[in-house]
Amino acid sequence: MGNERRYQHAPLRQEVDAQGRVIAIRGPRVPRRVAVATHHHLRDGERPDHMAHAYLGDSTAWWRLVDANEVMTVEQLTASRSVAIPGKDQE
């Protein structure tokens with residue numbers, strides 16, 4: 001549960017490593033647009049994993065908050081004072 005779902009829609013491709021082995025890799029990931037269910041006003045010390053657990057029931061789903069806010073990093077997410085929260089049913 002968590003980051004493996006983050007990359008489920010990323011394209012799968014094969015590469016050859018330095019030892020000549022063929023390996024399957026995913027990426028790059030293109031964030032999908034999601035509908036916003038509500039907004040959360042950040043308080044000092046709040047972390048994305050805590051918000052993901054509180055709103056989505058999964059602390060490893062912090063990346064869904066990043067996607068819903070159309071930012072690339074958790075640092076950009078927490079720089080805002082208001083965080084868009086996606087619906088639980090959206091992946």
(message) If the requirement is being part of a strand (DSSP E or B), in contact (Cβ under 8 Å) with a residue 12 or more places away in the chain and surrounded by fewer than 10 Cβ atoms within 10 Å (Cβ to Cβ), which of these qualifies: Ala24, Ala37?
(response) Ala24
(message) On the basis of being among the aliphatic types (A, V, I, L, M) and either at pLDDT 80 or above or farther than 30 Å from Arg81 by Cβ (or both), does Val30 make the cut?
(response) no
(message) Given the condition among the acidic types (Asp, Glu), without any contact (Cβ under 8 Å) to a residue 60 or more places away in the chain and farther than 14 Å from Ile85 by Cβ, answer yes or no: does some residue in region 49-63 qualify?
(response) no
(message) Looking only at region 40-77, filter to residues that are basic (Lys, Arg) and outside any helix (DSSP H, G or I); which one of those is modelled with the highest pLDDT?
(response) Arg47
(request) Would you be able to say whether some residue in region 7-24 is over 11 Å from Pro86 (Cα atoms) and in contact with a Leu (Cβ under 9 Å, 6 or more places away or on another chain)? (result) yes
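The values are calculated or read from the model by the stated rules, or taken from the named source; none is laboratory data. Fair warning: this is a prediction, and the values are worked out from it, not measured in the lab. Positions of Cβ are backbone-derived with ideal geometry, glycine not excepted, and every protein chain shown enters the neighbour counts.
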